[in-house]
Structure formats: structure tokens, C-alpha cells
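Asker: This is the structure, below, for whatever I ask next.
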Amino acid sequence: MILSTGSDRARRRLTRGITFIEVMLTVVVLSAGLVAIYRSFFSAINYLDHLSTRLYAHNLMENRIATIERDFRSLKDFDIGVFSEDALINNRTVTFHYAVNLKPVGTLLSVFELEIVLSWQEHGRPASLSRTAYFSGITALTAPPGKGA
């Protein structure tokens, strides 16, 4: 009677092949990994879309504040109240809604508070940014020195 050694058993196992259960387990593990990669890829794309829309909104708000301040200092008409603006971001149209309020600060005649709220819909959810700016040193609205009313 010949006893088989450990290397003979290993050789027979290798020549026997892999079982159906091992193949199915490998398919399940690889599928789970691919699903995780797929989900993280689309989560990253949605997050980048959110960031690009928010950055665009921030730039719109900064430009609107600069335009209102310039028009206000030169005593031109400018938009106050509620209005909308459409923008094409990442091949989709986003409607931004402005709410602009300008008022004097207390009893000071040359200091004004500008409040802007910018809102939009993002993937069916409301999103918004708000900003407050102060203007001062507007001499065209105050009486010249030495001339009291």
C-alpha cells in the first residue's frame, strides 16, 4: 500500500479544477465591487454638478452686487425686488430667482444695506444663497458741506 504525500494531494486538487460555488462566489464579489464603483462614479458626477451650479450662482451674486453698487453710486436705475434669470449650466437650463432689497442703515444717510437672496431648483430640491453688502460714501445723496437744509 502506497501512502500519498501532501504534494500528491495538492497536485490532484489543481488538476481537478475549480468548483461551481467558487465561480459563483467570485462573480458575486466582483459584481458587488462593480456596483460600488458605479454608484460612487455617479455620486461624484452629481456632486460636481452641484458644485458647478453653486459656483455659478455665487458668481452671479457677486456680479449683481457690483452692478447694483456701480449703478447706485452713479445714480442710475437698477433692479430692486424680485426677478429671474436663466442660465445654461452643464447642458441644462437653471432658473435663478433674485430677491433684492436695498435700505438705509438706521438714520445714516450715506450708508445703505443691500440684501440679495438667490434661489433655484437643483435635482428637484430648492437651493439658495444669500448675501448682504453695505455701501457707504455716496456723496451725491447727501447735502454738500456748509449747505444745511
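The values are calculated or read from the model by the stated rules, or taken from the named source; none is laboratory data. Predicted model, so just to flag it, every value in this text is computed and none were measured. So basically every Cβ, Gly included, is an ideal-geometry build from the backbone, and we count neighbours across all protein chains shown.
Asker: Pairs only if they're at least six apart or on different chains, beta carbon under 8 angstrom, first in segment 109-134 and without any contact (Cβ under 8 Å) to a residue 12 or more places away in the chain, second in a strand (DSSP E or B); list them, first residue then second.
Answerer: Pro126/Ser119; Pro126/Trp120; Ser128/Val117; Ser128/Leu118; Ser128/Ser119; Ser128/Trp120
Asker: Quick check on my filter: what residues within segment 115-127 are touching a His at 6+ places or on another chain (Cβ under 9 Å) and either modelled with pLDDT of 95 or more or part of a strand (DSSP E or B) (or both)?
Answerer: Val117, Leu118, Ser119, Trp120, Glu122, Ala127
Asker: Shifting gears a bit: Counting just the residues of segment 76-118 that are of a type in the set (Ser, Thr, Tyr) and in contact with a Phe, Trp or Tyr (Cβ under 8 Å, 6 or more places away or on another chain), which one comes out surrounded by the most Cβ atoms within 10 Å (Cβ to Cβ)?
Answerer: Applying the filter and picking the extreme gives Tyr98.
Asker: Something else: How about segment 59-98: which of its residues are under 14 Å from the mean Cα position of the chain (by Cα) and either free of Cβ contacts under 8 Å to residues at least 12 places away in the same chain or within 18 Å of Arg125 (Cα to Cα) (or both)?
Answerer: Asn59, Ile89, Asn90, Val94, Phe96
Asker: Oh, and also: How do the pairs read when you match residues in segment 33-50 that are in contact (Cβ under 8 Å) with a residue 40 or more places away in the chain with residues anywhere that are outside any helix (DSSP H, G or I), using Cβ under 7 Å and keeping only pairs 6 or more apart or on different chains?
Answerer: Within 7 Å, the pairs are Asp49/Asn90; His50/Glu122.
Asker: Restricting attention to segment 51-83, which residues are hydrophobic (A, V, I, L, M, F, W, C) and either at pLDDT below 85 or touching a strand residue (DSSP E or B) at 6+ places or on another chain (Cβ under 7 Å) (or both)?
Answerer: Ala57, Leu60, Met61, Ile65, Ile68, Phe72, Leu75, Phe78, Ile80, Val82, Phe83, listed by residue number.
Asker: Looking at (1) among the small types (Gly, Ala, Ser); (2) at pLDDT below 95; (3) more than 24 Å from the chain's Cα centre (by Cα), which is the only condition Ser31 fails?
Answerer: Against the list (1) among the small types (Gly, Ala, Ser); (2) at pLDDT below 95; (3) more than 24 Å from the chain's Cα centre (by Cα), Ser31 comes up short only on (2).
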